[in-house]
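Derivation of every value follows stated rules applied to the coordinates shown; laboratory data play no part. Keep in mind it's a predicted model, so treat the numbers as computed, not measured. All Cβ positions, even for glycine, are placed from backbone atoms using ideal geometry, and neighbour counts span all protein chains on display.
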Amino acid sequence: MFAEIIAIGTELTSGAKLDTNSQWLSLQLAELGIPVLFHTTVADDLQANIDALKIAAGRVDFIFVTGGLGPTLDDLTRHAIAGLLNVDLVEDAASMEHLEGFFVSRGREMPERNRIQAMFPAGSTSLVNPVGTAPGIWAEYPRQGAMPCMVAAMPGVPSEMHRMFQEQVKPLLPGGDVLIRRARINCFGIGESATEEILGDLTARGNDPEVGITAHEATITLRINAQGSNEAECLEKIDGARKIIRAKLSEFVFGEEDEELEDVIMRDLVKQGKTFATVEHATAGLLAQWIAHVPDATDCYRGGNVSVSSSGSSEISLKAQAEDFRKAVDADYVIAIGGEAIRTNESGRLISEIPIVLIGDSVRTQELLTWTGNPAITKGRTAKCALNLLRQELMKKSEPA
């Protein structure tokens, strides 16, 4: 059994809004063992909507539609499903009563146009929307020589769609023969191609579990997807891949799932009973901002010294600033990021150079970071490199003697 998700709305095809519904639905369906083969996005055009539904009905067993169930003239989902089924729209008394009650409860008169929301393709079933005016639609599209294709249409408003899926649609879905479970392992200090080379066949397409690699501002994330007849089987496969990844990538692995470098560092600092502070020039307080969002920050973070000037560019002066600030706030460690110096290389390409320093009782580490490419991500990459210096030092301290 396979599914297709159709997101309807010109605001999506025009780029004015981002389609997050399809991502959320894909994850929910994977939990049920229903893999999604296609994501389709369609503008508010009736014939285009009908065509998209017909194409989907010819290649998958479930169609999940989001959007286009409102009362305005550009809300065409109910008309498109009627076109797919080749039936008329008919009024559903229970849905009309719900609509009228919704407006009465808010002390408002229901606009005449909202009555269209109680109209459904003949033979379909309405799906109750307890938090909005747009009921959903459940329909079956008959197919010769095959099981009917199930069609579930839900509102485009995420909060309404989430609840309708969980309460109305999910109970109507059969459990798939195969479950899918996922895990993420995060790495830093190694590139995407080098990661793939080290992991070898583990990242080959078609494996079960399948391991994919993505990169974002120098963080490498390994995404493990495992299939099985039950959850225990999936988790066993994930655990096997996790052990291989950790063994092969070793010190490059810093966390899992949503963990960021600052989360891991804060946890290790608290565990070791250490404190730290930050000095920032080129990153203009980005590091301090990240740290402030970590729950354990107040237990180990002594504060930050932020300047947007270009002073402190040299490693020597930056070390002096770090030493002075460390004494002032009585911290065990100070991470310092200097000012950015930009030069042009022989080929005319801009090169960004930023020094970073780590100061502690028994450590004086300094590096000169050299960046090329997109300047928009320079701050993020620099802040992560600075954090990684402290992470590496804390790893040494935690290693058995």
Seminar exercise, completed: Computed about the Cα centre, the charge dipole of segment 215-360 from +1 Lys/Arg and -1 Asp/Glu charges at the Cβ has a magnitude in debye, to the nearest 20, of 360
Problem set entry | Helix-only [θ]222 nm of the chain, DSSP H runs n ≥ 4, -39500 (n - 2.57) each, per residue, nearest 500 | -10500 deg cm²/dmol
Seminar exercise, completed: Cα pairs beyond 18 Å in segment 1-79, in percent, come to 39
For this session: Per residue of segment 10-20, in order, report the coupling 6.51 cos²θ - 1.76 cosθ + 1.60 (Karplus, θ = phi - 60°) as ³J(HN,Hα) in whole Hz, putting x for Gly and Pro.
Result: 4, 5, 8, 5, 7, x, 5, 10, 9, 7, 9
Exercise. Assigning unit charges at the beta carbon (Lys, Arg +1; Asp, Glu -1) and nothing else, what dipole magnitude in debye, to the nearest 20, does segment 3-172 show about its Cα centre?
Worked result: 240
For this session: With Rg and Dmax of the Cα atoms in Å defined as stated, name the option among [x] 22.6, 68; [y] 27.5, 79; [z] 24.6, 75 computed from the structure displayed.
Result: [y]
Seminar exercise, completed: So the compactness index of segment 185-241, its C-alpha Rg divided by 2.2 N^0.38 Å, takes the value 1.18
For this session: Work from the charge dipole of the chain (Cβ charges, +1 for Lys and Arg, -1 for Asp and Glu, about the Cα centre) and give the residue of MET147, ASN49, THR382 farthest towards its positive end.
Result: THR382
For this session: Could you give the size of the charge dipole of the chain about its Cα centre, using +1 on the Cβ of each K and R and -1 on the Cβ of each D and E, expressed in debye and rounded to the nearest 20?
Result: 640
Problem set entry | Solution diffusion estimate, µm²/s, Stokes-Einstein, segment 3-172, Kirkwood Rh from C-alpha pairs, 20 °C, viscosity 1.002 mPa s | 134
For this session: Give me the net charge of THR72's neighbourhood, meaning all other residues with Cβ under 10 Å from the Cβ of THR72; Lys, Arg count +1, Asp, Glu -1.
Result: -2
Problem set entry | log₁₀ of I(q)/I(0) at q = 0.13, 0.18 Å⁻¹ - segment 206-328, Debye sum with one point per alpha carbon | -0.72, -1.03
Exercise. With helices defined as uninterrupted DSSP H runs, which ones in the chain have an alpha carbon span along their own long axis of at least 20 Å and mean Kyte-Doolittle hydropathy of at least -1.0?
Worked result: 231-249, 315-329, 378-398
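Two decimals, Cα atoms only, Kirkwood Rh: what is Rg/Rh over segment 145-272? Don't skip to the end; give the middle numbers.
Values: Rg = 18.9 Å, Rh = 17.4 Å.
Result for segment 145-272 is an Rg/Rh of 1.09.
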Problem set entry | Highest-fluctuation residue, ALA194, ALA56, ALA134 considered, GNM on the chain with Cα pairs under 10 Å | ALA194
Problem set entry | For segment 261-398, convex hull volume per residue from C-alpha positions, Å³ | 101
For this session: Add +1 for every Lys or Arg and -1 for every Asp or Glu among the other residues with Cβ under 13 Å from the Cβ of GLN117, and state the total.
Result: -4
Exercise. Taking the chain as a Gaussian network, where each spring joins two C-alpha atoms under 10 Å apart, which residue of HIS39, HIS293, HIS162 fluctuates the most?
Worked result: HIS293
For this session: Measure out, as a whole number of angstrom, how far apart the alpha-carbon centroids of segment 340-401 and segment 116-171 sit.
Result: 52
